[in-house]
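We did not get these values from a lab; they are worked out from the coordinates using the rules stated. These numbers were taken from a predicted model, which means no experiment stands behind them. A quick note on method: Cβ atoms are made from the backbone with ideal geometry, for glycine too, and the neighbour counts reach across all protein chains shown.
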Amino acid sequence: MVYAAIMVGLIIVGFFLLKKLSLAPSGNFKNITAAEAKKLLKDKNVIPLDVRTPNEITQGKIPKAKILNVASSGFVKGLQNLDKSKTYVVYCRSGNRSARACQIMGKNGFENLYNLQGGYNKW
């Protein structure tokens, strides 16, 4: 009986650990807040990268941001025009597409990536 209770407990703990790991960002990027992004962007070697649609960008953007729509078929090709040695703060409207963009960028050799949590909405 005790053995069964221990096994059930281990299964439950294992389930919650797997759930937590699945929610963690995959790839080599870090999620940051708007306040952290603003501090990072004071460094002229850190580049804001807007991955929203052209329509969304008409609502405003972070100053000096490069624009590359993650939803476009040319996103991966467009990455070739970016310097992989630079640091990027990647953002979209809410932070979901930019996390996906960071994953794609990581797979394409970018190493210094930050995802703006909450996206432009939190900026």
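Here are some notes:
- Restricting the range 50-78 to residues that are polar (S, T, N, Q) and assigned to a loop (DSSP other than H, G, I, E, B), the residue that is surrounded by the most Cβ atoms within 10 Å (Cβ to Cβ): 69
- When the range 88-104 is filtered for residues that are assigned to a helix (DSSP H, G or I), in contact with a strand residue (DSSP E or B) (Cβ under 6 Å, 6 or more places away or on another chain) and more than 14 Å from residue 61 (Cβ to Cβ), the ones remaining, listed by number, are 99, 101, 102.
- Condition met for residue 100 (touching a helix residue (DSSP H, G or I) at 6+ places or on another chain (Cβ under 8 Å) and buried (at least 17 other Cβ atoms within 10 Å of the Cβ)): no
- You will find that of 113, 82, the residue that is touching a residue at least 40 places away in the same chain (Cβ under 8 Å) and of a type outside the set (S, T, N, Q) is 113 and no other.
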